[in-house]
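Everything on this sheet refers to the single structure shown next.
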Amino acid sequence: MDNRDENKPITVCFVGNPNCGKTTLFNAFTGSKLKVANWPGVTVERVEGETVYKGRRIHVVDTPGIYSLTSYTIEELVTRRCIEEDGVDVIINVVDASSLERNLYLTLQLLELKKPVILALNMMDIVEKRGDVIDTRKLSSVLGVPVVETSALKGKGTKELMETAKKAAGSAAKPAVHAFSDVIENAMGQITELIKDVTEEDQRRWFAVKLFERDEKVLARFRFGQDVRDKLESIIAAVEEELDDDAESIITDARYQYITEVVKSCVKKKKVGMTVSD
Ligand code: GDP
Ligand code: MG
């Protein structure tokens, strides 16, 4: 998608876990100029607004809070549909920095979508109060996306976030995708081969992971014939057999393992038991 046209509004979408500060940040972005409606066909509220930053119109969409990009809940479906179909230029992944580990689980899935993602490390005031330190530069380099520290409640970091969104919309940079273990990657390669002719390159990683997880919605949209379905099933079953677990858990565990490493390398927690004397 080419969004270097300076006259075109940028559409940014706030995505994150419940209570990470999406709506607060949304309000800080847009003031009170928002439009509330329901998402088509469902009773989940859709909130949109607009702001102008340095002459560039930024159209902002708030999404319902989600923990994962599966399709088990209506909130997840609505958010997925918004990201996939509604012309979103930049995903602003709002993250509660005071519970980074839990929040990054969704982040990893968003990175697979190969759309520009910005991490808004929100609630930084809480992190600072606790005495923890997050190496945001390192986090940004490990995840391959810009990271902006914010404290939405205090209106801190919103300008920088707008600046970063404006830049991201005009850049062709794509997030880096984390590689799973060889056994899983081997299966991903085979699944990618199965869908090569019916997908665009940027979508393949996301679809391959979802098909491996036996995601019903994604499976349904491909309308595979029985032979392809059988092939897919045998690829998945072989990994399940080898790793002695079900496919969805295999992916979940792999993600958490990676997140543990990321957090270990980027977060310095204040030592418990140490008292601050003043
Ligand atoms: P949402 O569910 O992601 O839309 O989260 P909300 O915007 O409703 O925020 C959840 C709660 O966190 C509210 O009580 C906010 O006032 C609070 N909150 C949001 N951002 C911050 C922040 O940066 N720092 C602190 N301390 N609280 C925040
Ligand atoms: Mg909200």
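Table for the structure above
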item	result
The chain: calculated mean residue ellipticity at 222 nm from DSSP helix runs of at least 4, using -39500 (n - 2.57)	-14500 deg cm²/dmol
Top of Lys22, Lys174, Lys217 by mean-square fluctuation, Gaussian network on the chain, Cα under 10 Å	Lys217
Whether the stretch 178-278 is rounded, prolate or oblate, judged on the alpha carbon gyration tensor where a/c under 1.5 counts as rounded	prolate
Accessible area of Glu185 in the full protein assembly, 1.4 Å probe (Å², nearest 10)	50 Å²
Cα gyration tensor shape of the stretch 186-233, rounded if a/c is under 1.5, else prolate or oblate by comparing a/b with b/c	rounded
Accessible area per residue, Å², the stretch 48-166 with all protein chains present, probe 1.4 Å	38 Å²
Peptide ranges 262-272, 186-196 listed from the most packed, as the mean C-beta count within 10 angstrom indicates	186-196, 262-272
Per-selection Rg to Rh, the chain - Cα, Kirkwood hydrodynamic radius	0.99
Candidates Ala152, Ala168, Ala238, ranked by Gaussian network fluctuation over the chain, Cα under 10 Å, top entry	Ala238
Order of exposure, largest accessible area first, which applies to Glu240, Glu149 with probe 1.4 Å	Glu149, Glu240
Proportion of all alpha-carbon pairs of the stretch 58-99 beyond 16 Å (%)	38 percent
Approximate spin-label separation Glu240-Val133, in nm, with each point projected 7 Å along Cα-to-Cβ	4.7 nm
Sulfur and carbon atoms: percent of accessible area, the stretch 204-278 [1.4 Å]	49 percent
Accessible surface of the stretch 41-145, 1.4 Å probe, proportion on carbon and sulfur as whole %	49 percent
With DNA, RNA and ligands ignored, accessible area of Thr73 (1.4 Å probe; Å², nearest 10)	60 Å²
Highest-fluctuation residue, Val12, Val228, Val47 considered, GNM on the chain with Cα pairs under 10 Å	Val228
Tilt relative to the chain, helix 158-169 - C-alpha long axis, 0 to 90 degrees, to 10	40 degrees
Which of Phe224, Phe212 is most accessible, then next, and so on - probe 1.4 Å	Phe224, Phe212
Additional length obtainable on full extension of the chain from Val177 to Thr23, 0.36 nm per residue less Cα span	52.7 nm
Exposure rank, largest accessible area first [Ser141, Ser181, Ser99, Ser151; 1.4 Å]	Ser141, Ser181, Ser99, Ser151
For the chain: relative contact order, % (alpha-carbon pairs under 8 angstrom, 6 or more apart)	18 percent
Rough spin-label spacing in nm, given labels placed 7 Å along Cα→Cβ, for Asp253 and Glu201	3.4 nm
Heavy-atom accessible area per residue - the stretch 190-265, 1.4 Å, Å²	58 Å²
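The values are calculated or read from the model by the stated rules, or taken from the named source; none is laboratory data. What you are looking at is a predicted structure, and each value in this text was computed from that prediction instead of being measured. All Cβ positions, even for glycine, are placed from backbone atoms using ideal geometry, and neighbour counts span all protein chains on display. Ligands, DNA and RNA are excluded from the accessible area calculation, which covers all protein heavy atoms including side chains. Shrake-Rupley method; radii C 1.70, N 1.55, O 1.52, S 1.80 Å.
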